[in-house]
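Bear in mind that the values in this text are calculations on the coordinates, not laboratory data. Fair warning: this is a prediction, and the values are worked out from it, not measured in the lab. Neighbour counts are summed over all protein chains in view; Cβ atoms, including those assigned to glycine, are modelled from backbone coordinates with ideal geometry.
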Amino acid sequence: MRQLATESPSTWRFIPMLQTSGGVQMAIDAWLFNQCEKGQHPPTLRFYTWYPYALSLGHLQKQWPAEWHNLIYQGQPLDLVRRPTGGRAVLHQGNLTYTLITSASTGKSWGTYEKICNFLIQGWQTLGIELNYGSAGRGYIHNPSCFNTATAADLVTTDGSKFIGSAQRKGRNTILQHGSMILSTDKGLFQEIFEQPAPWNTSLCNTHQEDGWIAKIVDTLTETAKQYFDIELVSQPFTDLEWQDILKLRSLYEVR
């Protein structure tokens, strides 16, 4: 079922799975957005994980606790980075992130979220997890944690646990949407950082985990995206020249 129209050609680039630092991951997303906005890059889909583990701030988030600069988990410092998108702080430990970049819609942001997120709903349904949209209003801006509030841009499980939090950046020609999917995040770490109870039922995914589980998720969501958006995906790693441009942006997203 095709729900989101794409411009010709209907061939998108798929970036193979990457695990690297938060500063690099955010530089990648920003670079892809900038290239698409200039008409120099096709629509793109990618999935990735973060290491070292990190805490990401929303683009316009101006205040956060000073101790967030010195967080330690399992003997390793947590990176503090800023996203090119809005929203509140997100913990990236035991999660999987998706990024989708395509031509901008003329509709309202909430409608665009829904059109994009439907491929996630369909993919996770295939994996045995039912998801629905959140219903919280603008009050989320007063909560330091993205995952303690589920707006219409977010997806929750049947018990109300927030499972996927998404954020957008919209340009004149292009929209970037990326989001975090909770897989096995440490509830104790979440509570230490945000001083709030972890708002999800991690057993939902923990009971499914096995060798190759993340690869299975990525494969399933990739196939769902192809069918839902009616596109072809061409897998293409970054070239050396692309990496050079991307790494020039890294410092813009690292919070010191």
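Residues 181, 17, 26, arranged from fewest to most other Cβ atoms within 10 angstrom of their Cβ, appear as 17, 181, 26. Protection proxy ranking for 89-100, 64-75, using the average of other Cβ atoms within 10 Å per residue and placing the highest first: 89-100, 64-75. Ordered by the number of other Cβ atoms lying within 10 Å of each residue's own Cβ, fewest first, 234, 255 fall into the sequence 234, 255. Strictly over 24 Å apart at the Cα level, which of 170/248; 38/248; 115/187 would you flag in this model? Long pairs (Cα-Cα over 24 Å): 115/187.
For the Cα trace of region 11-253, dividing Rg by the Kirkwood Rh returns an Rg/Rh value of 0.93. Looking at region 3-90 alone, DSSP beta bridges between its own residues are antiparallel in about 25 percent of cases. As a proxy for reagent exposure, ranking 133, 48 by other Cβ atoms within 10 Å from fewest up yields 133, 48. With a simple spin-label model that places each label point 7 Å from the Cα along the Cα-to-Cβ direction, the separation between residue 236 and residue 170 comes to 2.8 nm.
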